[in-house]
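Enquirer: Right, I'll just put the structure down here and ask away after.
The values are calculated or read from the model by the stated rules, or taken from the named source; none is laboratory data. Here the structure is a predicted model, which is why all the values come from computation and not from measurement. Neighbour counts are summed over all protein chains in view; Cβ atoms, including those assigned to glycine, are modelled from backbone coordinates with ideal geometry. Just so you know, the surface numbers come from the protein's heavy atoms only, side chains and all, with ligands and any DNA or RNA stripped out. Shrake-Rupley method; radii C 1.70, N 1.55, O 1.52, S 1.80 Å.
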Amino acid sequence: MTQDRDRTGGSPSIDRRRFLRAGLAAGGAAIAGGSVAGASESNPDNLPPNVADWSRYLGDGVDARPYGAPSEFESETVRRSVAWLTASTESSVNFTPLHALDGIITPNGLCFERHHGGIAEIDPADHRLMINGLVDRPLIFTMDDIRRFPRENRIYFLECAANSGMEWRGAQLNGCQFTHGMVHCVMYTGVPLRHILNEAGLKPNGKWLLAEGADASAMTRSIPLEKALDDCLVAFAMNGEALRPEQGYPLRLVVPGWEGNMWIKWLRRIEVGDQPWHQREETSKYTDLLPGGKARRFTWEMDVKSVITNPSPQAPINHGKGFTVLTGLAWSGRGTIERVDVTLDGGRNWHPARIDGPSLNKAVHRFYYEFEWDGSPLLLQSRAVDSQGHIQPTKDQLRAVRGTNSIYHNNGIQTWHVQSGGEVENVEVS
Ligand code: MTE
Ligand code: CO
């Protein structure tokens, strides 16, 4: 076993020390200090047998918080960006704090954001969805029109194809928020895209769609008609409330199980055509460059993947030896998760983890593994298997097939090294 602690990212300036500085600059004091919510010092005045401060006075009334917000003590549970990945904030990404969350639903305010032209601020009264191209009747819908189609509620994960991209060549970012935080999972409310297409009437030679966003980047992607008619949604709500502006308010495309880039936000137009358009985002970007110099054309389905979210670098073991709860997330763009196995010793012995909560098609699954920690160093990994029998590969297995040119579609097994003091760092084993 070797632990690769050298940083071998594309740029010589990318190393751990530089990253830690970047994390601090981004407001990540909790990362550098390794502290987590709950690990802060107690005030003895508030502890039994004393009467705690908050029991002595009346609290806020019902009008104080017309739109609620998390407790001030959860202020570290926020999206974070990485300074050296953020050339300009308008064309960048921030990451879901996976280490601070539980269950399978991502709260709206913590869903990672990826945009190429900033957040479009759209007045829904002025928003339109146009359907044109190979249709019998080109149509323009208002938001009210869209709400008059039958709706459906479905829970799906969205993962950016670049999630874990910085980890292709070696362990690099210290925290699952940064290595795996380009994923979220929410309940969408929307209209099946086939209802809208049927309203316009598809011509027989219509085989592809071009979905286009109304943001300054006018993001465009080609989508095969088969997928559009199968399970795509035109969504206006997430987790019961209107989409957030960051997530495409007032309307976004939902493309279940497929790479996040296709989920066009601020959706303004769908053109029906007879072949793919080969836009920038489906050729030079989001495309895997293979060792021989050829690229994979259209990698849509997101492969089976998992990650341990606790313990992890931002969520070390603070309680010392003894009963320890390990938890994480698993997902597959091809169905549900059949099983997750966990190892504490870098892959020598595997133990079945317990999946808890709903097991839904193309949604994240929550797993737990409880164990007695004897205080010795651990090499934690999780390995997911999906309902089609696909097994999450090691990073070496991935690199053997796809080389090291690519940054996209990395579903390799992640390793966390737990030290005897409980601190956790990102490593690779081979
Ligand atoms: N749609 C538009 N209009 N503009 C964008 O920049 N980014 C895409 C996709 N849809 C993008 C877009 C990418 S790369 C991803 S991963 C997802 O939106 C991210 O969705 P989220 O910001 O809701 O997490
Ligand atoms: Co993306």
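Enquirer: Using each residue's phi in segment 126-132, evaluate 6.51 cos²θ - 1.76 cosθ + 1.60 at θ = phi - 60° and report the 3J(HN,Hα) Karplus result to the nearest Hz, with x for Gly and Pro.
Expert: Computed from phi, the couplings for segment 126-132 are 9, 8, 9, 10, 9, 10, 9 Hz.
Enquirer: If you roll a 1.4 Å probe over segment 305-427 with all protein chains in place, what percent of the accessible area is carbon or sulfur?
Expert: That fraction is 49 percent.
Enquirer: Hey, can you grab everything whose amide H is under 5 Å from the amide H of THR415? Only 5+ residues off in sequence or another chain; H modelled, so Pro and N-termini drop out.
Expert: Distant-sequence amide H within range of THR415: VAL427.
Enquirer: Out of the trypsin sites (Lys or Arg not before Pro) in segment 202-300, which ones are loop residues according to DSSP with at most 11 other C-beta atoms within 10 Å?
Expert: Qualifying residues, ordered by number: LYS294, ARG297.
Enquirer: Any idea what the relative contact order of the chain is, in percent, if you count C-alpha pairs under 8 Å spaced at least 6 apart?
Expert: Relative contact order of the chain: 17 percent.
Enquirer: Next up: Anything over 21 Å Cα to Cα? Flag those among LYS207/LYS227; LYS203/LYS227; LYS227/LYS265; LYS207/LYS362; LYS321/LYS395; LYS305/LYS395, in the order listed.
Expert: LYS207/LYS362; LYS321/LYS395
Enquirer: Considering only protein heavy atoms, what per residue accessible area in square angstrom results for segment 284-365 with a 1.4 angstrom probe?
Expert: 43 Å²
Enquirer: With the crude spin-label approximation of a point 7 Å out along Cα→Cβ, what separation in nm comes out for ALA64 versus GLN419?
Expert: 4.2 nm
Enquirer: Cα gyration tensor of segment 243-382, axes a ≥ b ≥ c as square roots of the eigenvalues: rounded (a/c below 1.5), prolate (a/b > b/c) or oblate?
Expert: prolate
Enquirer: With an 8 Å Cα cut-off and a minimum separation of 6 or more residues, compute the relative contact order for segment 100-191 in percent.
Expert: 35 percent
Enquirer: Right, another one. Which of rounded, prolate or oblate describes the chain when judged by the alpha-carbon gyration tensor and an a/c cut-off of 1.5?
Expert: It comes out oblate by the Cα gyration axes.
Enquirer: Expected output is a single nm value to one decimal: the length gained when fully extending between SER359 and SER387, i.e. 0.36 nm times separation in residues minus the C-alpha distance. What is it?
Expert: 9.0 nm
Enquirer: Further, regarding this structure: Using a probe radius of 1.4 Å on heavy atoms only, what accessible surface per residue do you get for segment 153-257? Whole Å² is fine.
Expert: For segment 153-257, the solvent-accessible area averages 24 Å² per residue.
Enquirer: Just how large is the dipole of segment 305-427 about the Cα centre, in debye to the nearest 20, putting +1 at every Lys and Arg Cβ and -1 at every Asp and Glu Cβ?
Expert: Roughly 500 debye, rounded to the nearest 20.
Enquirer: A follow-up question, please. Using the Cα centre of segment 105-263 as the reference point, and only Cβ charges (+1 on K/R, -1 on D/E), how large is the resulting charge dipole? Debye, rounded to the nearest 20.
Expert: That gives a dipole near 340 debye.
Enquirer: Provide the per-residue ³J(HN,Hα) series for segment 365-372, in order, calculated from phi with Karplus coefficients 6.51, -1.76, 1.60 and θ = phi - 60°, each as a whole number of Hz, with x at glycine and proline positions.
Expert: 10, 9, 10, 9, 9, 9, 8, 8
Enquirer: Further question: What's the extension gain from ASN318 to ARG194 if we count 0.36 nm per residue and subtract their Cα-Cα distance?
Expert: Taking 0.36 nm per residue and subtracting the Cα distance, the gain is 39.6 nm.
Enquirer: Please list, ordered by chain and number, the residues whose modelled amide H lies under 5 Å from the amide H of LEU202; skip anything fewer than 5 residues away on the same chain.
Expert: Residues meeting the criterion, in which the H sits 1.01 Å from N, are ASP136.
Enquirer: In the chain, which helices (entire DSSP H runs) extend 18 Å or more along their own long axis, judged by Cα positions, while averaging at least -1.0 on the Kyte-Doolittle scale?
Expert: Long hydrophobic helices here: none detected.
Enquirer: Just to check I understand the Karplus step: with θ = phi - 60° and J = 6.51 cos²θ - 1.76 cosθ + 1.60, what whole-Hz values come out for segment 167-181, glycine and proline as x?
Expert: Rounded to whole hertz, the list is 9, 4, 9, x, 5, 9, 9, 9, x, 5, 4, 8, 7, 10, x.
Enquirer: OK, next. Carbon and sulfur atoms: what percent of the 1.4 Å accessible area of segment 98-296 do they account for?
Expert: Carbon and sulfur: 50 percent of the exposed surface of segment 98-296.
Enquirer: Let me ask something additional. Relative contact order for segment 305-427 using alpha-carbon pairs under 8 Å, separation at least 6, rounded to a whole percent?
Expert: 32 percent
Enquirer: Give me, ordered by chain and number, the residues 5 or more places off MET219 or on other chains with an amide H under 5 Å from its own placed amide H.
Expert: Counting only residues 5 or more places away or on other chains, the set is GLY213.
Enquirer: Moving on. Looking at the chain, what % of its DSSP beta bridges pair antiparallel, to the nearest 5?
Expert: 95 percent
Enquirer: When the label point is put 7 Å from the Cα of VAL401 along its Cα-to-beta-carbon vector, which residues of segment 273-294 have a backbone N closer than 20 Å?
Expert: Under cut-off, by backbone N: 286-294.
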